[in-house]
Amino acid sequence: MSCTVRIPSPLRSYTRGAQRVEAEGTTLAQVLASLEARFAGIRFRVVDEQERIRPHIRLYVNTREAGALAAPVAAGDTVHVICALSGG
């Protein structure tokens, strides 16, 4: 199943500047694996070594925040990757 993934500007260097990309999968974990297959390194910026969504990342499927990688994704859905920015 294909969905659209909206990429935030801090991660667009992985997608060659693309703001939106297509990915396959029925869960967020599968969608991120699909992205990783095309854009090496992007998954590690979203998911940590314990397979948890990083604290500064929020993932939404359409308008619902997804708290886990097992969240379902249907064909035609839009996955939004949101990054918090910090620094000084």
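Couple of notes before you dig in:
- Inter-residue pairs, beta-carbon under 7 Å, first at pLDDT below 95 and in the stretch 67-88, second part of a strand (DSSP E or B), 6+ apart: 83/57
- Restricting attention to the stretch 51-68, the residues that are within 10 Å of the chain's Cα centre (by Cα) and in a loop (DSSP other than H, G, I, E, B) total 0.
- Check on residue 74, more than 18 Å from residue 6 (Cβ to Cβ), of a type in the set (A, V, I, L, M) and part of a loop (DSSP other than H, G, I, E, B): no
- Matching residues in the stretch 5-46 - criterion: being closer than 13 Å to residue 77 by Cβ and out of contact with any strand residue (DSSP E or B) (no Cβ under 9 Å at 6 or more places or on another chain): none
- Scanning the stretch 44-70 for residues that are surrounded by 14 or more Cβ atoms within 10 Å (Cβ to Cβ) and closer than 19 Å to residue 1 by Cα yields 59, 60, 61, 66, 69.
- Conditions (1) without any contact (Cβ under 8 Å) to a residue 24 or more places away in the chain; (2) part of a strand (DSSP E or B); (3) surrounded by 13 or more Cβ atoms within 10 Å (Cβ to Cβ); number of the one not met by residue 5: (1)
The values are calculated or read from the model by the stated rules, or taken from the named source; none is laboratory data. Remember, predicted model here, so these are calculated numbers, not experimental data. Here Cβ is always computed from backbone atoms with ideal geometry, including for glycine, and neighbour counts include all displayed protein chains.
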